[in-house]
Amino acid sequence: MTAKRVLVIGAGPAGVSAALWARSRGLTCVLMEREARPGGQLQAIYFHPRQLPGVETGDGPEMAAASLRQLEAAGVEWHAHTSARSVDSGADGPEVTASDTTLPDQVTRHRADAVLIACGLARRRLGIPGEREFEGRGVSLSATRDRASLAGHDVLVIGGGDAAFENALLLADAGSRVTLAVRGEPGARRSFRERVARSDAIQVLTHTRVTALIGDQRLRGARLESAGGTHERECSAAVIKIGWAPDTAWCSPPLATDGDGFIRVAPGGRTSVAGFWAAGDITRPALFAIPLAHASAAAAIFDIAGALLDE
Ligand SMILES: Cc1cc2nc3c(=O)[nH]c(=O)nc-3n(C[C@H](O)[C@H](O)[C@H](O)COP(=O)(O)OP(=O)(O)OC[C@H]3O[C@@H](n4cnc5c(N)ncnc54)[C@H](O)[C@@H]3O)c2cc1C
């Protein structure tokens, strides 16, 4: 009897965990990842993740590199630069169309006995002029990662949550002058707001929308819009910290999602469409955390194995 084939979409902690568990259940697993490397959000964790029993050292990228070694050691077939684009519950089983991110016009179809969607969260983007153009030339997505190069600059930090306020405090400590542009009222925890209020190096602009990032070779300013009108403000760097969100437009419909785009699942990860399961952050777990991603992926693989091996 040929082994049943599970297609896993996304090689973050949930997808990698699923691929490793699949073998133990006698399933053949193929893993599809849109980026060049596995890891997902691990690639954005520039400290040793907390509360991980048995993992003593290493930041997110180091853990991601270890995941890749584990996939290779387990002989898992995985495809980088492969982005899932649509799903279909075909007569012969679930199907996914995907494209090579380097050749987006070339679409391939993948059939499997079961599909597990583990595509996590993606950074929210402002979608304004200059955002992509100046990335790496003044625009940063993380002050933790880019602290050394941002030190001493006039930095515009965009966002009003914990991450934006924490980044502003970190930059103030590094000797930068910081303007925090918050679209509405700050949502950051009180301790961060109080520390920011006490800092002479940080100015907070509430009800202020950034509508463009401006420059030539490098970033040199931003266009801001508030009740007082539109004005340009000079800055030599900007850090965008506006959170993470699910990106499920490609699979919903047919898969049912909640109002924020998270895939609805039953216990064991079954989605609203036969043949499709989901695990990890994309299912809005109680906590966005690595252990929950691992656990929900393992549970989904057990559920898939139960469903397929009973057939
Ligand atoms: C800054 C930061 C710090 C954190 N700190 C901690 C911590 O200390 N401890 C902790 O436990 N957790 C922490 N987390 C949370 C943890 O990283 C996540 O809960 C975990 O990564 C979720 O795993 P996932 O596999 O569900 O999703 P993700 O990690 O988001 O991985 C999803 C993968 O799917 C891929 N993908 C998406 N769409 C497609 C598509 N259409 N086709 C193909 N591939 C696709 C993505 O490229 C990505 O590789 C942190 C997160 C961040 C951002």
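Restricting the stretch 232-245 to residues that are open to solvent by 80 Å² or more (accessible area, probe 1.4 Å) and either in contact (Cβ under 8 Å) with a residue 60 or more places away in the chain or not charged (D, E, K, R) (or both) leaves a set whose member that is farthest from residue 150 (Cα to Cα) is 244.
Take residue 195 and tell me if it is more than 21 Å from residue 228 (Cβ to Cβ), buried (at least 16 other Cβ atoms within 10 Å of the Cβ), at pLDDT below 95 and in contact with a Leu (Cβ under 9 Å, 6 or more places away or on another chain).
In short, no.
Looking across the stretch 21-56, the residues that are surrounded by 20 or more Cβ atoms within 10 Å (Cβ to Cβ), more than 6 Å from the ligand (Cβ to nearest atom) and in a helix (DSSP H, G or I) come down to 21, 22. Among the residues making up the stretch 81-94, those that are in a loop (DSSP other than H, G, I, E, B) and either surrounded by 17 or more Cβ atoms within 10 Å (Cβ to Cβ) or more than 10 Å from the ligand (Cβ to nearest atom) (or both) are 91, 92. Look at the stretch 128-151: where a residue is without any contact (Cβ under 8 Å) to a residue 60 or more places away in the chain and a partner is part of a helix (DSSP H, G or I) and open to solvent by less than 40 Å² (accessible area, probe 1.4 Å), sitting 6+ places away or on another chain with Cβ atoms under 7 Å, you get 147/170.
With a requirement of 3 or more residues that are touching a Lys or Arg at 6+ places or on another chain (Cβ under 7 Å), the strands (runs of 3 or more DSSP E) lying completely within the stretch 194-288 that satisfy it span 209-215, 219-226, 229-234.
The values are calculated or read from the model by the stated rules, or taken from the named source; none is laboratory data. Note that the coordinates shown come from a computational prediction; the quantities given were computed from them, not determined experimentally. Using ideal geometry, Cβ is built from the backbone for each residue, glycine included, and neighbour counts are taken over all protein chains shown. Remember, those area values only see protein heavy atoms, side chains included, never the ligands or the DNA or RNA. Shrake-Rupley method; radii C 1.70, N 1.55, O 1.52, S 1.80 Å.
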